[in-house]
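A quick write-up on the structure given underneath.
Values quoted throughout were computed directly from the atomic coordinates according to the rules given, and no laboratory measurement underlies them. Please read these numbers as outputs of a predicted model, since none were measured by experiment. Positions of Cβ are backbone-derived with ideal geometry, glycine not excepted, and every protein chain shown enters the neighbour counts.
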Amino acid sequence: MPADLSPLWISLRTSVVSTALAFVTGIAAARLVSGYRGRARGLLDGVLILPLVLPPTVVGFFLLLLFGRRSWIGQILAQAGIALAFSWPATVIAAAVVAFPLMYRTTLGAFEQVNPNLLDAARTLGAGEWRTFRRVLLPLAWPGVMAGTVLAFARALGEFGATLMLAGNIPGRTQTMPLAVFFAAEGGDNSRAVAWVATMVALSLGGIAAMNHWRAAGPLPGMPFGSGSDASVAQEAPGQGADLAAVPLAPARRDALARREQPPGACGELAAEIHKTLPGFQLSVRLEARGGVLGLLGASGSGKSLTLRSICGLETLRKGRIVLNGRVLFDSREGIRLRPAERRVGMVFQDYALFPHLTVAQNIAFGLAHQPAEERARRVGEWARLAGIAPLLDRRPAELSGGQRQRVALARALAMEPEALLLDEPFSALDTHLRHQLEEQMRQILAGFGGVTIFVTHDRNEAYRMADQLVALASGRVAASGTRQELFERPGSVEVARLTGCKNIAPLRVVGPGRIQVDDWNCRLRVAGPLIGMTHVGIRAHDVQFVDGPEGENTFPCWLAGWLDSPFETTLYLRLGQAPEPGDPPRLEADMPRDAWAALRARSQPWHVRLEPGSLLLLVAGQQNPGEHS
């Protein structure tokens, strides 16, 4: 070790201060760029990482032009008696500039790895942008932030070219270890140069090793729940591993749901007119809901989730109007645009979006930051009991099953007492057995909510069981709306018939009053409804009736072209009017119980089927004119 240790202390002091500057500015820049999706993002990113790709001497020369005595900044500083160039602050500026890109780029990568649904969930729970950043984004990105900090420190410790250009080599003032190495080697003192190199390598490797040890041994980062506005709540003892998702709500819990005080907006009135244009897709939806559960039924890509995100304010709309319980959430004409945190609209995301660094209790309490500690504890305890997750309050989401996570997400959304609750395919990640159990439990919980609930699904059976009213979406537009009975019994259009599970749909030709020819089915039918404007006919597979003989209207001989077994029923593929030739496609599908199929297959063919006029669906191609939903 050299006798003069001033380069060591200068380097350490410079690296610490410059790393602190890079830490603050790098995080701020990363947050700005991560939330920006404009066309200039690539240019902005390139400018910010430019000091990383340019030679350090070029960076130093640019800094000298910017802060030198002849620059306008230097002249302003000179009038205040400050000479920045060739001073210790100049070493800090040079080191901070070259270290900044590493801090910024590493932090940006960490930010972009965080699930954006987690940030959206925080916003719908009433968190502003600063709290969302402090409580969700930064803790989850913390390992990447720390990695960037260590790399920035190591880069600042080894900075040479920019420092020499801007701060010079003044022993005891600006001579850092890299400068000491250079001038020692230039002067032929190799032993001194080696000593400084070894010191720098040891410091850099020590910092990297300490970071790796912390990441391997430390818990998932997150701020203590008892700090700040998120004070702790009373927690019950954890369970012994039982899957509470399989436990039905106890009668006492159901009674508590019925008795609990209704939240504001219990009348539940929502009117939304939403227009949003995306590349290759246009959403234009108008719907109304008054209490109960409104179901949005549609195929993937029909605009269901986009509609929910627009209602809760996570999507920016250019045109439309959204009113909840008389309160305007968005109005393009009046310029009203409430932030998600101000809308009092709870949302359960498809992936549940539970904060992985927080416990179950902390997740439920997240939307209660402005409540007194006693009220937070009461609500967390109440909703944990109502959702059947009280023994899980001190666990983290990674320790929960899919059904338990769904319960936590629902309790978290309802604990803030929203005026509307949006459910984005909450059962899609669950197996069939667990799905049916949780459907019943969710119906019981929602019965105590009383506000507006919008339930999104692509499963027709799920929509029928969960929703009182249905809106069918197709290609970003409302294809039909009404009660669930109306949509299933009179879908009106080919799209809605398919959405509601009709397997048999074929073009029709009108051949007389109440008579149609269906070439795809090879039959002529009498129908019960008006035919004006109708282009297709459909019949649900379970409405195809097998009869004993050819007597009766709309009765035809049929032959079996194939069948498909499932555990409790069989789907038959039939050819009407004549036996199928090899390679002929089937004409009609029929569903029947397994025991009925066993009896039918024992009979000789042809069999006979009847297509009751009252069971036939008369349809129009494309979208019908939807009725207003109420």
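Spacing of the modelled spin labels on residue 440 and residue 113, each 7 Å from Cα toward Cβ, amounts to 4.3 nm. How far is it, in nm, from the label point at residue 278 to the one at residue 78 when both lie 7 Å from their Cα along the line to the Cβ? Between residue 278 and residue 78, the simple spin-label model gives 5.8 nm.
As an exercise, use a Förster radius of 56 Å and the Cβ-Cβ distance of residue 548 and residue 334 to find the FRET efficiency, rounded to the nearest 0.05.
Working: r = 67 Å, r/R0 = 1.20.
So, using R0 = 56 Å, E works out to roughly 0.25.
Here the relative contact order of the stretch 244-489, from alpha carbon pairs under 8 Å that lie six or more residues apart, stands at 33 percent.
Given DSSP loops and a limit of at most 13 other Cβ atoms within 10 Å, what is the longest stretch of the chain that contains no such chymotrypsin sites (Phe, Trp or Tyr not before Pro)? Mind dumping the intermediate values first?
Values: sites that count: 36, 568.
By the stated rule (loop sites, at most 13 other Cβ atoms within 10 Å), 37-567.
Distance from the alpha carbon centroid of the stretch 385-460 to that of the stretch 44-80 works out to 55 angstrom. The slack between residue 20 and residue 594, meaning 0.36 nm per residue of separation minus the straight C-alpha distance, is 199.4 nm.
Given an 8 Å cut-off on Cα distances and at least 6 residues of separation, report the relative contact order of the stretch 513-630 as a percent. Before the final figure, lay out the partial values.
Working: 206 pairs, mean separation 41.0, N = 118.
RCO, the stretch 513-630: 35 percent.
Against the empirical 2.2 N^0.38 Å (N residues), the stretch 6-217 has a Cα radius of gyration ratio of 1.15. Counting only alpha carbon atoms, the long axis of helix 402-415 and the longest principal axis of the chain meet at about 80°.
Set the Förster distance to 35 Å, then compute FRET efficiency between residue 170 and residue 49 from the Cβ-Cβ distance, nearest 0.05. Let's see the in-between values first.
Details: r = 30 Å, r/R0 = 0.86.
Result of the calculation: an efficiency of 0.70.
Working from Cα pairs under 8 Å separated by at least six residues, relative contact order for the stretch 104-159 is 51 percent. If you average the alpha carbon positions of the stretch 85-119 and of the stretch 161-204, how far apart do those two centres end up, in angstrom? Cα centres, the stretch 85-119 to the stretch 161-204: 24 Å. Between 0 and 90 degrees, the angle of helix 41-53 with respect to the longest Cα principal axis of the chain falls at about 30 degrees.
Distances between placed amide hydrogens fall under 5 Å for residue 493 paired with 620, all partners being 5 or more residues away or on another chain. Computed about the Cα centre, the dipole magnitude for the chain is approximately 1520 debye when only Lys and Arg (+1) and Asp and Glu (-1) carry charge, each at its Cβ. By its C-alpha gyration tensor, with a ≥ b ≥ c as the square roots of the eigenvalues, how is the stretch 1-108 shaped: rounded for a/c under 1.5, else prolate for a/b larger than b/c, else oblate? Oblate shape, in that a/c is at least 1.5 and b/c is the bigger or equal ratio.
Computed from Cα atoms, the angle from the helix 190-217 axis to the main principal axis of the chain rounds to 30 degrees. Placing a label point 7 Å from the Cα of residue 571 along the Cα-to-Cβ direction, no residue of the stretch 284-319 has its backbone N under 13 Å from that point. Between the alpha-carbon centers of the stretch 482-529 and the stretch 558-591, tell me the distance in whole angstrom. For the stretch 482-529 versus the stretch 558-591, the Cα centre distance is 19 Å.
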